[in-house]
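The values are calculated or read from the model by the stated rules, or taken from the named source; none is laboratory data. All values derive from a computational prediction rather than experimental measurement. Using ideal geometry, Cβ is built from the backbone for each residue, glycine included, and neighbour counts are taken over all protein chains shown. Ligands, DNA and RNA are excluded from the accessible area calculation, which covers all protein heavy atoms including side chains. Shrake-Rupley method; radii C 1.70, N 1.55, O 1.52, S 1.80 Å.
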Amino acid sequence: MKIFADYHTHTVYSHGKGSIEDNVKRAIKLGLREIAITDHGPAHIFYGLRKKDFKKMREEIDKINEKYPQIKVLMGVEANLISVDGSIDVPDELMEYLDILLMGYHTGVMPKDFYNGVQLFGKNLLSKYIGLLKAEMREKNTQAMINAIKKYKIDIITHPGAKVDIDTMRLAKAAKERGTALEINASHGYMTVEFVKIAKSEGCKFVINSDAHTPLRVGDFKRGIEIAKEAGLTEEDIINAKG
């Protein structure tokens, strides 16, 4: 199994250590055909991409595509889920800059409002200590992600299950219906083998990404490939793989 694209990488625009061009050069060195630059969405309190930088990044990526025709560089963002109704932190006017849209659940994110802060973030934190909340939050987290998939054209759900409890089968069913891939994240080790097997039974597609925060981590798919193989996936199941 060979992975030809890395659709989840970060740069100095958010939580990464290298420039866009640094990531691209590393991808070229590894023989990748495509790379996406997907810095954290604006609502991330500590590492969020500034809204004014969307246009700047778009222009930079366009120039890099001209400079390095041997690889396709995509402008993306790893958006944050910010409400139980499925809202994300990328407003419509910024969507025009994007080639690819990723979304995940992260902590340290500014919620849509106080109510959603309590429902989506506060209760998830409490559920780690209060057993009675676990079932409620599993349902609420899952439905919030499904709402987001239905509301936006999300290409990839990042590291599902890594930050918050979800019903993998329900999410996978919705992902298949909307053409959204579920990420096997080589950095986090999520999805787990068990989760991948469950999701595969629903017929959804997967993507293996590095989630690189430094240029040297770009294209490091080893752990993700191991999970995919152990779960019985083939290149037909993975949107960025070939035999």
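Could you please give the count of residues in the range 188-202 that are open to solvent by less than 50 Å² (accessible area, probe 1.4 Å), within 17 Å of Ile156 (Cβ to Cβ) and in a helix (DSSP H, G or I)?
Count: 3.
Inside the range 103-141, can you point out the residues that are under 22 Å from His15 (Cα atoms), aliphatic (A, V, I, L, M) and out of contact with any His (no Cβ under 6 Å at 6 or more places or on another chain)?
If the condition is that a residue be under 22 Å from His15 (Cα atoms), aliphatic (A, V, I, L, M) and out of contact with any His (no Cβ under 6 Å at 6 or more places or on another chain), then Met103, Met110 are the ones that fit.
Identify all residues within the range 204-219 that are open to solvent by 40 Å² or more (accessible area, probe 1.4 Å) and in a loop (DSSP other than H, G, I, E, B); write none if there are none.
Answer for the range 204-219, where residues must be open to solvent by 40 Å² or more (accessible area, probe 1.4 Å) and in a loop (DSSP other than H, G, I, E, B): Lys205, His213, Thr214.
With the condition kept exactly as written, say whether any residue in the range 101-116 is β-branched (Val, Ile, Thr), farther than 17 Å from Lys163 by Cα, open to solvent by less than 80 Å² (accessible area, probe 1.4 Å) and at pLDDT 95 or above.
no
Out of the range 172-187, which residues are touching a residue at least 60 places away in the same chain (Cβ under 8 Å) and part of a loop (DSSP other than H, G, I, E, B)?
Within the range 172-187, no residue meets the criteria.
If you check every pair at least six apart or on different chains, which have Cβ atoms under 7 Å apart with a residue in the range 12-34 that is under 15 Å from Gln70 (Cα atoms) and at pLDDT 95 or above first and a residue that is small (Gly, Ala, Ser) and outside any strand (DSSP E or B) second?
Filtered contacts from the range 12-34: Arg26/Gly219; Ala27/Gly219; Leu30/Gly219; Leu32/Gly219.
Given the criteria over 27 Å from Gly16 (Cα atoms) and in contact with a Leu (Cβ under 7 Å, 6 or more places away or on another chain), does Lys200 qualify?
yes
Residues of the range 17-47 being buried (at least 24 other Cβ atoms within 10 Å of the Cβ) and either of a type in the set (Gly, Ala, Ser) or over 18 Å from the mean Cα position of the chain (by Cα) (or both), which ones?
Correct list: Val24, Ala27, Ala36, Gly41.
For the range 146-171, give me each residue that is among the hydrophobic types (A, V, I, L, M, F, W, C), in a loop (DSSP other than H, G, I, E, B) and open to solvent by 20 Å² or more (accessible area, probe 1.4 Å).
Once the filter is applied, which keeps residues that are among the hydrophobic types (A, V, I, L, M, F, W, C), in a loop (DSSP other than H, G, I, E, B) and open to solvent by 20 Å² or more (accessible area, probe 1.4 Å), the range 146-171 yields only Ala162.
Condition test on Ala228, is it open to solvent by less than 20 Å² (accessible area, probe 1.4 Å), of a type in the set (Gly, Ala, Ser), part of a helix (DSSP H, G or I) and over 25 Å from Val90 (Cβ atoms)?
The answer is yes for Ala228.
Restricting attention to the range 74-87, does a residue exist that is among the charged types (D, E, K, R), surrounded by fewer than 21 Cβ atoms within 10 Å (Cβ to Cβ) and under 15 Å from Ala144 (Cα atoms)?
yes
Criterion first (closer than 23 Å to Glu21 by Cα and polar (S, T, N, Q)) does Thr214 satisfy it?
Considered against the rule, which asks whether it is closer than 23 Å to Glu21 by Cα and polar (S, T, N, Q), Thr214 comes out as yes.
Would you say Lys176 is surrounded by fewer than 16 Cβ atoms within 10 Å (Cβ to Cβ) and closer than 26 Å to Thr38 by Cα?
no
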